[in-house]
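Okay, structure first, notes after.
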Amino acid sequence: MSNPLNGKNIVLGITGSVAAYKSADLASRLTKLGAYVDSILTDAGTKFISPLSIQSVSGRKASSEQDLWGGEGHVVHINLAHTADLIVIAPATANTIAKLAHGIADNLLTVTVLAAKCPIIIAPAMDAGMYANQATQNNVQLLKGKGFIFIGPAEGHLASGLVGPGRMVEPADIVCAIRYELSRANPLNGKKIVVTAGGTQEAIDPVRILTNYSSGKQGYALAQAALDAGSDVVLISAPTSLTPPTGATLISIKSAEEMHDAVLSQITDANALIMAAAVADFRPKNIVREKIKKGAGFGSIELTPTKDILKVVAEAKVDNHLNLKVIGFAAETRDLKVNAKEKLIEKKLDMIVANDVSDPQAGFGVDTNKVLIIYSDGSTEQLPMLTKDEVAEKVIQHLQSWLVEGAG
Ligand code: CTP
């Protein structure tokens, strides 16, 4: 399994907006992720960026209006329309949106869209007044009703001097939307996977917390890999500095108690739970309501154990007859295999992913991980040093073999 863009045919439509200069960046990003990007520029689009610029970053033909009228004209648009896995129009002007809404096919881009059967993503870019105009709003609604997917426009300073919705969404975000859309055809489509991530925070007083070094990177990578494989993802996350992957439903929590409640509310209709979060084992027994003042002195904090979420899940599975695959993580600093195996049995897991957090390349915050996977039948699999994205892919591949191919 690789990213869903790899090897896909994408048609990039570029229309007449100043945001067209960003289309080169978009074409470049898509190409680097392994997509074959064929571009079509409208006449107005070519006023803002040349086909040569786009062709230079995509390595493939960027067609313009004259290609419609050449001897091969009909072949160009029918071929592009039929071989495309996805069409993205970025930037899309009010004019092109209006044409598409009404089935007008008077240039190479609009004839291609009319002939296409693949998903179509539109990233509008125009003046805020034009976007707010009832005619444009009606056209957007018409297209949404036909299944076109809109991303943006974003709010901000516009070339017209106005501030408001009208800016084209940034290329990086358009790539994320395309990635999500293309992943929907993948094998885990229709499955729901719940992923927890990050280190929980336990309040001492209104300004102080007890927490741990977890960055959330492995959990977020798992959420992305699960989305890439086609599943719906609910990401239950403690505070992190990371951006949730496009398409995930984010539930933000802070404490172990909040994570416990969120997990229990989400697993009833889920196919799998991956507990990658570093959950606090203890919390202050009493949260002091007012900030503890330095002058008042600071004695000790009385701690009380938190609930072991995975143990509660194991009970809920039995009580509610849940058909749920459960994957745990084990953070260890010694006796990795023995300790992780114990957790696998105690928490009744289908699989545990163990890592030695004292290893500088496998611990908290870094982008790599070296893990030992232990399955419920006792068998083990030692993975080499991998990126956290690669570890995530391996875990999700395994889940796929259980949920789709019926293994395990
Ligand atoms: N976990 C949990 N609830 C807790 C603590 C941990 O569900 N209150 C989960 C973690 O998300 C992880 C697994 O249990 O998937 C193992 O977590 P880890 O911190 O390695 O182990 P602990 O169970 O906390 O045991 P110990 O502190 O003895 O290592």
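Does residue 181 count as more than 14 Å from residue 93 (Cα to Cα), touching a strand residue (DSSP E or B) at 6+ places or on another chain (Cβ under 8 Å) and at pLDDT below 95?
Criteria not met by residue 181.
Looking only at helices (runs of 4 or more DSSP H) that lie completely in segment 8-112, which have at least 1 residues being farther than 22 Å from residue 128 by Cβ and open to solvent by less than 10 Å² (accessible area, probe 1.4 Å)?
So the answer is 23-32, 51-58, 73-83.
Name the helices (runs of 4 or more DSSP H) wholly inside segment 115-198 in which the number of residues that are over 17 Å from residue 5 (Cβ atoms) and among the small types (Gly, Ala, Ser) is 2 or more.
Numbers: elements: 128-132, 134-145, 171-183.
The helices (runs of 4 or more DSSP H) meeting that bar are 128-132, 134-145.
Could you check residue 78 against (1) in contact (Cβ under 8 Å) with a residue 12 or more places away in the chain; (2) within 22 Å of residue 178 (Cβ to Cβ) and say which number it fails?
(2)
Under 20 Å from residue 96 (Cβ atoms), open to solvent by 50 Å² or more (accessible area, probe 1.4 Å) and either more than 28 Å from the chain's Cα centre (by Cα) or of a type in the set (Val, Ile, Thr) (or both) - does that describe any residue in segment 140-147?
Within segment 140-147 (the criterion being under 20 Å from residue 96 (Cβ atoms), open to solvent by 50 Å² or more (accessible area, probe 1.4 Å) and either more than 28 Å from the chain's Cα centre (by Cα) or of a type in the set (Val, Ile, Thr) (or both)), the answer is no, since none of the residues qualifies.
For segment 285-304, does any single residue satisfy the condition of being open to solvent by less than 50 Å² (accessible area, probe 1.4 Å), in contact with a Gly (Cβ under 8 Å, 6 or more places away or on another chain) and either more than 14 Å from the ligand (Cβ to nearest atom) or modelled with pLDDT of 95 or more (or both)?
No; the residues of segment 285-304 include none that is open to solvent by less than 50 Å² (accessible area, probe 1.4 Å), in contact with a Gly (Cβ under 8 Å, 6 or more places away or on another chain) and either more than 14 Å from the ligand (Cβ to nearest atom) or modelled with pLDDT of 95 or more (or both).
Any residue at all in segment 238-256 that is within 16 Å of the ligand (Cβ to nearest atom), within 24 Å of residue 364 (Cα to Cα) and in contact with a helix residue (DSSP H, G or I) (Cβ under 6 Å, 6 or more places away or on another chain)?
Taking every residue of segment 238-256 in turn, at least one turns out to be within 16 Å of the ligand (Cβ to nearest atom), within 24 Å of residue 364 (Cα to Cα) and in contact with a helix residue (DSSP H, G or I) (Cβ under 6 Å, 6 or more places away or on another chain).
Tell me, yes or no, whether segment 188-198 has at least one residue that is closer than 30 Å to residue 264 by Cα, surrounded by 19 or more Cβ atoms within 10 Å (Cβ to Cβ) and touching a Phe, Trp or Tyr at 6+ places or on another chain (Cβ under 7 Å).
Among the residues of segment 188-198, at least one is closer than 30 Å to residue 264 by Cα, surrounded by 19 or more Cβ atoms within 10 Å (Cβ to Cβ) and touching a Phe, Trp or Tyr at 6+ places or on another chain (Cβ under 7 Å), which makes the answer yes.
Could you check how many residues of segment 257-268 are out of contact with any helix residue (DSSP H, G or I) (no Cβ under 9 Å at 6 or more places or on another chain) and either of a type in the set (Val, Ile, Thr) or away from the ligand (no atom under 11 Å from the Cβ) (or both)?
5
Sort out which residues of segment 317-340 are more than 12 Å from the ligand (Cβ to nearest atom) and free of Cβ contacts under 8 Å to residues at least 24 places away in the same chain, and write them in order of number.
Listed by number, the residues that qualify are 318, 319, 321.
Tell me, please, whether a residue that is under 25 Å from the mean Cα position of the chain (by Cα) and more than 27 Å from residue 277 (Cα to Cα) can be found in segment 156-163.
Looking for residues that are under 25 Å from the mean Cα position of the chain (by Cα) and more than 27 Å from residue 277 (Cα to Cα), one finds at least one in segment 156-163, hence yes.
Check 348, 343, 311 and return the single one that is within 13 Å of the ligand (Cβ to nearest atom) and on the phi > 0 side of the Ramachandran plot. Let's see the steps before the verdict.
Working: 343 fails: on the phi > 0 side of the Ramachandran plot; 311 fails: on the phi > 0 side of the Ramachandran plot.
Unique residue meeting the criteria: 348.
The values are calculated or read from the model by the stated rules, or taken from the named source; none is laboratory data. Predicted model, so just to flag it, every value in this text is computed and none were measured. Backbone-built Cβ (ideal geometry, glycine too); neighbour counts: all protein chains shown. SASA here: full protein model, heavy atoms, side chains in, ligands and nucleic acids out. Shrake-Rupley method; radii C 1.70, N 1.55, O 1.52, S 1.80 Å.
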